[in-house]
């Protein structure tokens, strides 16, 4: 055991995550589904499935379509709702050996505010991630994340009821992500997750219909990694708050691209489906890189370009 | 009914890889450390996911129902359909598979006095063959109705002596002409306990026969999956609403399924 290894912790607002490698919302349920397969104690954070005020069944199947190095999903924010969360999921989060960050979504501003307010009183919730970038619902979702003025207003309303770390998850489906990033920061966000899925479509040429009944879904996986890295880099030049980078991370090298582009933490999502050991391997790979390159803390990875 | 006790990610060595019908292959493999992990119950109807051999091209694990499971290994039957299964078909004895399992909820057991009627269509053969052997080991005499497109696609498998086999093909090139449910008569349903795996219209027809006869029926649903462990909710199966004013409801093929009571499905 080396006493003076690199400092892998990440500070958001006034709180500290033990390490920079979390698991992305929507890919990890509420933390129990992967309990047999993932060393939960090694995670920097679990970002939960989105919670909305009311229970949601989700979209009609098929909800998935695989594309080159990518996966299109249109789950539709299926979740047990706020009451169901408080009744069934809080005890799971209480038992997690790592911080739990609850992803919050809604169809209207009041939805976000009511869920965020409730989360503020739950001890097992480390912080919240505001989902203003889901491309797979008819109301709300991405609409809140693409108009800077609307996003700033929403972030401010949530900020007013939430004392815990507030992370806003940005959509890449905008002309200039730096604008929405600045809006979220102005509204009081403590950090930004960057990026949610890209709008995508796969067409079944036999049926001559989109594979996903609603037409489009959200594209994730290695296919979007360069888009995510570029977005993190642009956002890092526009704001002064920490950035959580995600999109297509499958290895420590991928995660280091994000960290060098300006992220302070990362999330692993789609890669978990194929290889549940990715988060732990990413963390170990970041640690050995920092030891080898004599980099004392995550923040020292920033500023090279 | 078997619940998900412990999900394991493991590696196994292929010991036998053979063609069981045109485009259908069976892979048999043994655990690298010689025996199954503890609390490992890969009952009929449960499944495993296989990492595509050339991961990440393609990337997502493919689900396959167990066609057999024993202390030292397991087997599954697959159809060569796309890139991942074509790559799987290139593997040989000695090659190693990366799998996750056992996953999902399998078939329950028939009640005493019930006669199992197992209906397989196409690639549904794997779990149905496994179920037939397992029921025969319990002293039951299942009727197995095996549907295939044509004679070339009738799987070459060993069946227990206790099983009564009815083969049918869409083109009549072997056995009864027509789809598997057509080979069933009303009188077969007396005291019957139905289990079906195959194309949706086939399973629906079996379900309707079971409902008309007031007999239990279980079906194994196939859906595209991403995680296989219940986290992503990608493999939603539409459930019949308890009442008309209820909105749509879904269950996960990978946890609550793939085997469901056919009366729960929104056909």
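The values are calculated or read from the model by the stated rules, or taken from the named source; none is laboratory data. All values reported here derive from a predicted model rather than from experimental measurement. Here the Cβ positions follow ideal geometry from the backbone for every residue, glycine too, while neighbour counts run over all protein chains shown.
Among the residues of the range A:38-57, the ones that are part of a loop (DSSP other than H, G, I, E, B) and more than 7 Å from chain B (Cβ to nearest Cβ) come to 11 in all. Here residue B:117 meets the list (1) assigned to a strand (DSSP E or B); (2) over 23 Å from residue B:137 (Cα atoms) almost entirely, failing just condition (2). Of the numbered criteria (1) part of a loop (DSSP other than H, G, I, E, B); (2) within 14 Å of chain A (Cβ to nearest Cβ); (3) at pLDDT 95 or above, the one residue B:81 fails is (3). Answer yes if at least one residue in the range B:191-199 is more than 14 Å from residue B:116 (Cα to Cα), within 14 Å of chain A (Cβ to nearest Cβ) and surrounded by 14 or more Cβ atoms within 10 Å (Cβ to Cβ), and no otherwise. Scanning the range B:191-199 turns up no residue that is more than 14 Å from residue B:116 (Cα to Cα), within 14 Å of chain A (Cβ to nearest Cβ) and surrounded by 14 or more Cβ atoms within 10 Å (Cβ to Cβ). If you go through the range B:48-81 and keep only what is more than 11 Å from the chain's Cα centre (by Cα) and in contact (Cβ under 8 Å) with a residue 60 or more places away in the chain, you end up with B:49, B:60, B:61, B:69, B:73, B:74. Within the range B:24-54, can you find the residues that are away from chain A (no Cβ under 14 Å) and surrounded by fewer than 16 Cβ atoms within 10 Å (Cβ to Cβ)? Listed by number, the residues that qualify are B:32, B:33, B:34, B:35.
Exactly one residue out of A:35, A:60, A:13 is surrounded by fewer than 22 Cβ atoms within 10 Å (Cβ to Cβ) and more than 9 Å from chain B (Cβ to nearest Cβ), and it is A:13.
One line per residue, one yes/no per condition, for (1) under 30 Å from residue A:72 (Cα atoms); (2) touching a helix residue (DSSP H, G or I) at 6+ places or on another chain (Cβ under 6 Å):
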position	(1), (2)
B:21	no, yes
B:24	yes, no
B:40	no, no
B:49	yes, no
B:56	yes, no
B:63	yes, no
B:68	no, yes
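You will find that of B:90, B:98, B:16, the residue that is within 14 Å of chain A (Cβ to nearest Cβ), surrounded by fewer than 20 Cβ atoms within 10 Å (Cβ to Cβ) and at pLDDT 95 or above is B:98 and no other. The set of residues from the range A:70-85 being surrounded by fewer than 18 Cβ atoms within 10 Å (Cβ to Cβ) and either within 21 Å of the chain's Cα centre (by Cα) or at the interface with chain B (Cβ under 9 Å from one of its Cβ atoms) (or both) comprises just one member, A:81. Across the range A:58-93, what is the number of residues that are part of a helix (DSSP H, G or I) and closer than 23 Å to residue B:221 by Cβ? Residues in the range A:58-93 being part of a helix (DSSP H, G or I) and closer than 23 Å to residue B:221 by Cβ: 0 in total.
Taking residue A:189 as the residue in question, decide whether it is buried (at least 24 other Cβ atoms within 10 Å of the Cβ) and in a loop (DSSP other than H, G, I, E, B).
Answer is yes for this residue.
Mind listing whichever residues of the range B:227-263 are at pLDDT 95 or above, more than 18 Å from the chain's Cα centre (by Cα), outside any strand (DSSP E or B) and at the interface with chain A (Cβ under 9 Å from one of its Cβ atoms)? Listed by number, the residues that qualify are B:227, B:230, B:231, B:232, B:233, B:234. For residue B:207, the conditions (1) over 30 Å from residue A:276 (Cα atoms); (2) assigned to a loop (DSSP other than H, G, I, E, B) all hold with the exception of (2). In the range B:177-190 there is no residue matching the filter, namely being farther than 26 Å from residue B:79 by Cβ and under 17 Å from the mean Cα position of the chain (by Cα). Checking each residue of the range B:121-143 against the condition of being touching a strand residue (DSSP E or B) at 6+ places or on another chain (Cβ under 8 Å), in a strand (DSSP E or B) and surrounded by fewer than 24 Cβ atoms within 10 Å (Cβ to Cβ) gives at least one match.
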